[in-house]
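Before any comments, here is the structure.
The values are calculated or read from the model by the stated rules, or taken from the named source; none is laboratory data. Owing to the predicted nature of the structure, the values given are computational and were not obtained by experimental measurement. All Cβ positions, glycine included, derive from the backbone under ideal geometry; neighbour counts span all protein chains shown. SASA here: full protein model, heavy atoms, side chains in, ligands and nucleic acids out. Shrake-Rupley method; radii C 1.70, N 1.55, O 1.52, S 1.80 Å.
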Amino acid sequence: MSSDSMTTVSSHTLQRIVGREYGADPVSWNRRDLLAYALGIGATPAEQQFVNGTSAFPPCNIHFGLTAERSPYLELHPSFAAFPTFPVVLFLKGKDDSVTEFTNTINRTNAIKGLPYFDPSHLVHATQSIEILKPLHLSRLISIRENKSGVILENEFILVDPEETPYARLTTAMFNLTGKITGQRYTRSVVSLPEAKPIPRDRAPNWVVADRTNAHQALMYRLSGDYNPLHVDPNASSSGGGVILHGLSTLGFAARALIRTVGYGRPSSLQYLNVRFTAPVTPGDGLETSAWDVGSGPGGVIEVAFEVRNTRTGKVGLVIGGGHARFARWEPSKL
C-alpha cells in the first residue's frame, strides 16, 4: 500500500516514533572495497595513499552498531589509508560481497511500526553527514519532517568495533517525494547537528578546486554497494532525465578537494562533513568546489563552509549547498 492511500498518522504517535532505535546490522569490507570507493569518488594515480594498497591485508568486519579490526600488515604504499568518508557506503553495502537489490536494502525505514510505506522509486537523497567521533547511540530514526512535497526521514548510524569503540557517526536524510504521514507540515527531531556558519559572500573563497567526473563514474561508484537502477539504467527515472551520479560520489569529490587543500592532503585531518544535495550530476560533468575558512570551532578546529557547482550548467549548477566541514588545525613544516 502506498503512503498516498494510508490514513494519516497523529502527531502524538510521531513523537513516540522519532528516536526509536534500530537493531545492529553487520557490515564488512576489504581492501578491494576501499580501492573501489576511492575510484568511485574520482581518486587518481596521483593519490597513491588511497589507490595503492596491494599487499596482504585481512578484511575488516563490523556491524551498524559496528566492528572494525585493525590490520597488523602494512600495505604497499606506506601511507595507504581508507578515504575518511568511506563509511557512508556501509548502510547499503551491508556485509554482502556481491550485487544487492536496492529496493530490499533501502526498505529499512519501511519496517518502522507506525509509519506508512514509502515507495523506494520516489526516494531522493537529501542530506548526508559524517563525524569522526564520540560515543553515542548505535542507530536510530532521529528526525521526521513533512511538507507539501513529501516526507524527509533522517537516520543516525554509529560505526563501532567489537569492543564498542566508536569510529564514525553518520546521519543520512532521504526525501520521500509525494509521501504523506500527517497530511500537513510537521517537524520532530531528537538530535541537533553542528551548526554551520554561512558562506561569507562578501569575499572570495580561500580554496577553489576544479575536477571532473568521467562518463563511467556511476558504474564505478555503484561497486561500493549502491545499486539503485537510477545510476545505471537511463530508463529508470520517471522524469526521463537519464542516468545520474550518486550523490555520495559527489560528496566524495568534495571531500577529496577539501582534504587536498584545507587538510594539506592528510586524510586524518577531516573530523566532520555535512552536505545538502541540491541538484543531480550527470556522469562526465565538471565539478568546482569552493571553500571558505569561517573561523575556529570546538577544540580549535578549522570551520569550513563550502559549496560545489556543476561547471557544465554554470552559475545555476549548485549541486551541493550549505556544506560544512571541520578540520584539525595543522601547518606543514617549513624546514
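Find the residue count for segment 138-196, including only residues that are of a type in the set (S, T, Y), under 19 Å from the mean Cα position of the chain (by Cα) and surrounded by 15 or more Cβ atoms within 10 Å (Cβ to Cβ).
5
Taking segment 143-168 only, how many residues are closer than 19 Å to Q271 by Cβ, free of Cβ contacts under 8 Å to residues at least 40 places away in the same chain and not in a loop (DSSP other than H, G, I, E, B)?
Result for segment 143-168: 2.
Can you tell me which residue among T172, T165, T213 is more than 26 Å from E331 (Cβ to Cβ) and in contact with an Asp or Glu (Cβ under 6 Å, 6 or more places away or on another chain)?
None of the other options fit; the residue is T213.
Does any residue in segment 87-102 that is open to solvent by 20 Å² or more (accessible area, probe 1.4 Å) and modelled with pLDDT of 75 or more come within less than 8 Å, Cβ to Cβ, of a residue that is assigned to a loop (DSSP other than H, G, I, E, B) and among the β-branched types (V, I, T) six or more places away or on a different chain, and which pairs are these?
Between residues of segment 87-102 that are open to solvent by 20 Å² or more (accessible area, probe 1.4 Å) and modelled with pLDDT of 75 or more and residues that are assigned to a loop (DSSP other than H, G, I, E, B) and among the β-branched types (V, I, T), the close pairs are L92/T100.
Identify the residue in segment 21-43 that is among the acidic types (D, E) and at pLDDT below 85 and, among all such residues, is surrounded by the most Cβ atoms within 10 Å (Cβ to Cβ).
It comes out as D25.
Looking at segment 186-210, which of its residues are out of contact with any strand residue (DSSP E or B) (no Cβ under 8 Å at 6 or more places or on another chain) and hydroxyl-bearing (S, T, Y)?
Within segment 186-210, just S192 meets the criteria.
Would you pick out the residues in segment 306-328 that are farther than 30 Å from G241 by Cα and either touching a Phe, Trp or Tyr at 6+ places or on another chain (Cβ under 7 Å) or surrounded by fewer than 18 Cβ atoms within 10 Å (Cβ to Cβ) (or both)?
Selection gives A325, R326, A328.
Only residues that are closer than 13 Å to I41 by Cα and either among the basic types (K, R) or without any contact (Cβ under 8 Å) to a residue 12 or more places away in the chain (or both): list them for segment 249-268, please.
Listed by number, the list holds a single entry, R256.
Do we have R276 as on the phi < 0 side of the Ramachandran plot, at pLDDT below 95, assigned to a strand (DSSP E or B) and touching a Ser or Thr at 6+ places or on another chain (Cβ under 9 Å) here?
Yes: the conditions hold for R276.
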